[in-house]
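Everything below concerns the one structure shown next.
The values are calculated or read from the model by the stated rules, or taken from the named source; none is laboratory data. These figures come from a predicted structure and were not determined experimentally. Glycine also receives a Cβ, built like all others from the backbone with ideal geometry; neighbour counts cover every protein chain displayed.
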Amino acid sequence: MAELTALESLIEMGFPRGRAEKALALTGNQGIEAAMDWLMEHEDDPDVDEPLETPLGHVLGREPTPSEQVGPEGPGTAAGESKPVLTEEERQEQTKRMLELVAQKQREREEREEREALEREKQRRRQGQELSAARQRLQEDEMRRAAEERRREKAEELAARQRVREKIERDKAERAKKYGGSVGSRPSPPVTEPGPVPSSPSQEPPTKREYDQCRIQVRLPDGTSLTQTFRAREQLAAVRLYVELHRGEEPGGGQDPVQLLSGFPRRAFSEADMERPLQELGLVPSAVLIVAKKCPS
């Protein structure tokens, strides 16, 4: 009677007869609640309406019970037994209980799905936070490497400038040691006695005097000047390097390249002139040069 009641109740609740019989059989005829759990769990299976190949009595490896044997009244009735008849009140009460059970199962299913969705959302947020943290660490590493590279380049630039200054100082010390300091302290050439002046108009011109040193005065754009003694055979590039190292810092911290001009006659020295000695450029024994900012080419 219990199995028959469960089958009829499931049919009255809207489940197809074949699906209801399959649910009862696969749950071992343990009652309508177990059958409903199976139906709700497998309602989306593509083969949920496929008939069972194994007879109901052999489900789960057991022999059919007398109540499952097919009698003249149909499945669920024993031979010689009549189908029990439920009153209208019993049928309504049973239907009410089944509907309440269906609603309860539906709520449980919705709560389970809600918990699973919440857990998936938490997992997604955790993954997003981990990805954001990894991206931030990568950016910090790149910024740190860039800062270290800038510090290294600045240190190399300062070291190069220091080497140039040291070379200038060594050159100055060598010149001072070789020539006894400045031009003023240089011993004067010996005075020769004047010889007889020939009366002939074809007299040869006096021999041109050779100078070993050159005194250069450099006028800066701000009105100040620099004075330094160089060897006559030094290149004009040495004068430009001396000016760039001693002209002082310009506003803004930058240093523009300079161009050297002669005072009179006015002449702008080119890059090719920088490789020529001072003696060849006519700057010996002394000269005045003017500093101008080099126009970008």
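Please go through region 219-247 and pick out each residue that is in a loop (DSSP other than H, G, I, E, B) and at pLDDT 85 or above. Talk me through it step by step, then tell me what you get.
Within region 219-247, the subset in a loop (DSSP other than H, G, I, E, B) is 220-224, 232-234, 247.
220, 221, 222, 223, 224, 232, 233, 234, listed by residue number.
Residues are listed down the side, and each one gets a yes or a no for (1) more than 23 Å from residue 161 (Cβ to Cβ); (2) surrounded by fewer than 12 Cβ atoms within 10 Å (Cβ to Cβ); (3) modelled with pLDDT of 90 or more; (4) out of contact with any strand residue (DSSP E or B) (no Cβ under 7 Å at 6 or more places or on another chain):
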position: 249; (1), (2), (3), (4): no, yes, no, yes
position: 255; (1), (2), (3), (4): no, no, no, yes
position: 259; (1), (2), (3), (4): no, no, no, no
position: 267; (1), (2), (3), (4): yes, no, no, no
position: 274; (1), (2), (3), (4): no, no, yes, no
position: 290; (1), (2), (3), (4): yes, no, yes, no
position: 294; (1), (2), (3), (4): no, no, no, no
position: 297; (1), (2), (3), (4): yes, yes, no, yes
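Looking across region 1-43, just one residue is buried (at least 21 other Cβ atoms within 10 Å of the Cβ) and among the hydroxyl-bearing types (Ser, Thr, Tyr), and that is 9.
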